[in-house]
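Every number in this text was worked out from the coordinates using simple rules, so none of it is lab data. As the structure is a computational prediction, the values presented were derived from the model and not from experiment. FYI the Cβ positions are ideal-geometry reconstructions off the backbone, even for glycines, and counts take in every protein chain you see.
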Amino acid sequence: MTQGFTLPLSLDLFAVFLMAATGAIEAMRREFDLLGLLGLSLATGLGGALIRDGIFLQDGPPAVVRNHAYLYAVAAAAALCLIFGRRALLSERLVAVVDAAALGAYAVVGMEKSLAFGLDFAPAVLVGVVNACGGGMLRDVLMRVEPMVFRPGQFYGFAALIGCLTYPLMRQTVAAPPIVAAGITIGITFLLRMLSIARNWRTTPLRETGLFGRRAPLA
């Protein structure tokens, strides 16, 4: 049973809003209609939370259907992107900034809810990473592209993992207050993701390196 979510609801809604905005902008790039934009915003903004609550935690109905504020957050993101999104389409960096901030915020929320539910460290990290990356993964699947979290490239899933490891370290080892631990975790995740983009830090395909760093033979 859940022991209590100690972070403010506004942080969860902030994560939903940011992630939904990335879905809305992607829908505009693909020239979707209004229904398509709303659908992709909903899947991206709430996908990670639905996976977390519906598959892993299963503590009654998912939070996103128990509190209408989550749907309002998605609607607000879609509406703002409709109003200002044409400018956002011209800025790849703006989209990357929004996505990086959402990644960190959702990692924090996923970890906090998992720890409050009573999960041990390793399962909580698993749920936190899924929570952080789930919305983006659904967005990519719906766009019929390989999910960013699986393919080699600039740090995405790795940044989420570092965030999920940082939050319990700050809460349990350093004994930082929840909101302070959340701020530090979001900052570290955001910084790692943005540095990987700015400096082109990338993961390497296993086919090129092999399991222990040597080139693997081609099949």
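Extents of the range 26-161, taken as max minus min of Cα coordinates on every principal axis and listed largest first, are 44, 36, 23 Å.
For the range 87-195, chymotrypsin sites (Phe, Trp or Tyr not before Pro) are listed when DSSP marks them as loop and at most 15 other Cβ atoms sit within 10 Å of their Cβ; the list is 150.
Each label point was placed 7 Å from the Cα along the Cα-to-Cβ direction; for residue 122 and residue 68 their separation is 4.4 nm. Note on the chain: dipole from Cβ charges, positive end direction compared against 161, 137, 201; the farthest Cα belongs to 201. With loop membership from DSSP and a limit of 14 other Cβ atoms within 10 Å, the longest segment of the chain without trypsin sites (Lys or Arg not before Pro) is 31-143.
Take every Cα pair under 8 Å whose residues are at least 6 apart in sequence, average their separation, divide by the length of the chain, and the relative contact order is 23 percent. Could you give the length gained on full extension between residue 203 and residue 34, defined as 0.36 nm per residue of separation minus the Cα-Cα distance, in nm? Here the answer is 57.2 nm.
Computed from label points 7 Å out along Cα-Cβ, the spacing between residue 169 and residue 9 is 3.3 nm.
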